[in-house]
Every structure is written in structure tokens, then in C-alpha cells.
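Working notes, beginning with the structure itself.
The values are calculated or read from the model by the stated rules, or taken from the named source; none is laboratory data. Quick caveat: nothing in here was measured; it's all calculated off a predicted structure. Because the Cβ atoms are built from the backbone with ideal geometry, glycine has one as well, and the counts that use them run over all protein chains shown. Side chains included, ligands, DNA and RNA excluded: accessible areas come from the protein's heavy atoms. Shrake-Rupley method; radii C 1.70, N 1.55, O 1.52, S 1.80 Å.
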Amino acid sequence: VRALSTPARSNSPKPQGEPLVSILIPTGGFKKTINGRNEVMVRHCLNTLLKISSYRNLEIIVVDGGELSDSLIEELKTLTTAELGPDRWQLLRDPRPYSYSLRINQAAAIAKGDWLLQLNDDTEIINPNSLESMLAVAQQANGGIVGALLLYPNGLVQHAGVAIDRLAPHHIWAGCNPKRLPVGFTQSARQFSAVTAAVSLCSKQLWQELGGLSEELPINYGDVDFCLRGGELGHKILLDPQSKWFHFESASRNTDGIPPELETFRRQWGPRLGKNNIDPYTSRWREVLTPRR
């Protein structure tokens with residue numbers, strides 16, 4: 001399943017030019033066992049990204065709360081400089097309790113690129129052309145929000161778009177075999193209500209227009225809220241299936257004691273979406289394709 005050397009698909013779209021993409025990586029320095037080894041997730045994420053991605057005009061911005069050791073920071077900086085050249089590394093530190101939205105907003109505020117890629121540290125790039133493809137899709141959509149196809153390490157779908165049913169966001173087709181996705185799903189970008197911020201691209205202009213992520217939703221649903229606000233302004237929210245990543249879900253943070261924040265999301269969006277809102281297309285596919293226990 002872990003086909004890191006899988007060649008890129010010939011039909012991956014190509015971006016216009018080579019604009020600078022700032023990659024925003026919040027981290028708590030957590031570890032997870034990968035291929036039998038205890039890995040620091042941010043090291044694994046950055047190492048695989050820089051070794052595999054074919055798109056090279058990148059800036060790396062890591063945000064932690066003091067969890068990373070000086071030696072690891074120096075290692076990551078050295079790796080980034082060796083792969084991308086000088087002035088492509090930035091580190092921010094904030095000692096306050098972990099808030100994904102806060103740390104991402106801090107990283108975006110100092111980003112130099114015209115495009116911002118939110119990237120969880122518990123991800124691993126699969127397709128070398130993943131960033132090129134997302135950038136091309138975003139450019140074609142005149143600067144919308146673009147997410148990626150994320151797989152669990154066992155190859156099953158973790159994220160293939162987000163639907164909102166009865167004011168509860170859901171990862172559509174989570175746990176399904178990619179071969180069981182709708183016919184033609186993996187061939188071109190598709191529009192959804194939202195995509196996960198684990199791997200998500202948008203222009204800096206759009207980020208500033210929306211005011212970044214809502215810090216009222218520090219851990220959960222901030223990405224969904226961001227996408228919905230973008231959609232209200234007429235921007236497309238797209239899932240690019242050519243951009244493929246592994247996602248070691250929830251390895252990038254400790255969720256002990258963190259409220260689900262669903263009630264906050266419902267309070268904010270209930271009046272606009274309606275409490276009984278249903279996404280009929282994706283809901284029906286989820287009913288059909290959800291694995292039976």
C-alpha cells in the first residue's frame with residue numbers, strides 16, 4: 001500500500017508558472033509508529049514531502065509551542081535549506097495551549113507565498129505531483145479552496161470530501177476502498193461543501209478575505225467553517241483526487257479533554273444552513289458504500 005515511488009498520473013493538471021507556495025505546519029511534536037519505527041510526525045512529514053514532491057518553489061513554516069528540541073529544529077532547518085535553498089524556513093513558537101486555528105493563523109500572517117498550503121504534520125505525500133495538481137486546480141477555479149484525497153496507512157479512504165448532514169460534518173466514504181468510489185471520481189476535481197484542512201490549499205488573497213480560521217473553533221470544524229464562508233462568497237470548494245496523501249489521523253495532537261466543538265459549529269451555522277439540512281447525493285453514496293460491521 002505504501003507506494004511512495006508511485007509515478008505521477010499523466011493526467012495530473014499543470015499549474016501556470018511557479019508561484020511560491022507557503023506550507024503551514026502546526027505541530028505538537030507528537031510521535032507515532034510508522035513501519036515499525038517510532039517517528040516524530042513533523043520530521044516524517046517534512047522529510048517525505050521534500051524528498052518526494054516534484055514542486056520545489058516552497059516555503060516551510062513550522063509552528064510549535066516549545067515541544068520541539070533545539071536539535072530537531074536545527075535538523076529540520078538544515079533539511080529544508082539543503083532541499084530548497086536559503087530563506088525557505090521559518091519557525092514560530094507560541095507557549096499557549098494547542099490551538100490548530102491559532103497556530104495556522106500565525107503561520108499565515110508571516111507567509112511570503114501567494115499560495116498557502118495547510119498541512120498536518122501527521123500526513124505523508126504519495127503522489128509526487130500532488131502540490132502541482134492542487135495549485136493547477138486552484139488556479140483554474142480562480143482561487144478557490146482545494147483539498148486532497150487522503151488515505152489511511154492501510155490504503156482505505158480517510159478523506160474524499162466533506163458533507164454536512166443535519167448540521168454535522170462527515171468525511172464522505174471514510175473507511176471505503178478507493179476502488180469503490182463513484183465511477184470517474186478519481187479522474188478530476190469535484191465540488192463539495194468542505195474539505196479537510198489536513199491538506200488544503202488556497203490563495204493568500206482568499207485567506208485574507210476570509211480572515212483566516214475562526215479561533216472560536218480551535219481544534220474541530222474550523223476548516224469546515226472556513227470552506228462554508230468561502231462558499232458563501234462564491235468561491236468553489238474542490239477535492240483534487242490527483243493529490244494523494246497518507247493521513248495518520250489525529251496523530252498530530254493530543255485530543256484528551258478537547259471538546260468536540262460541534263455545538264459551537266451548529267450555533268454559528270444553524271440559522272444559515274437549517275437544522276435539518278441534508279446533502280442528498282453524498283448522503284446516499286455514504287449509505288451505499290459504508291462498510292458493514
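For A174, the test of being buried (at least 22 other Cβ atoms within 10 Å of the Cβ), in contact (Cβ under 8 Å) with a residue 12 or more places away in the chain and assigned to a loop (DSSP other than H, G, I, E, B) is failed. Of the residues contained in segment 81-103, one or more are found to be within 25 Å of H235 (Cβ to Cβ), open to solvent by less than 10 Å² (accessible area, probe 1.4 Å), not aromatic (F, W, Y) and not in a loop (DSSP other than H, G, I, E, B).
If we keep just the residues of segment 49-80 that are open to solvent by 80 Å² or more (accessible area, probe 1.4 Å) and in contact (Cβ under 8 Å) with a residue 24 or more places away in the chain, which is nearest to F226 (Cα to Cα)? By that ranking, first place goes to E67.
Of the residues contained in segment 44-66, one or more are found to be modelled with pLDDT under 95, of a type outside the set (D, E, K, R) and under 24 Å from S101 (Cβ atoms). Scanning segment 163-182 turns up no residue that is modelled with pLDDT of 90 or more and of a type in the set (F, W, Y).
Table: residues versus (1) in contact with a strand residue (DSSP E or B) (Cβ under 6 Å, 6 or more places away or on another chain); (2) among the aliphatic types (A, V, I, L, M).
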position	(1), (2)
K31	yes, no
R37	no, no
L49	yes, yes
R56	no, no
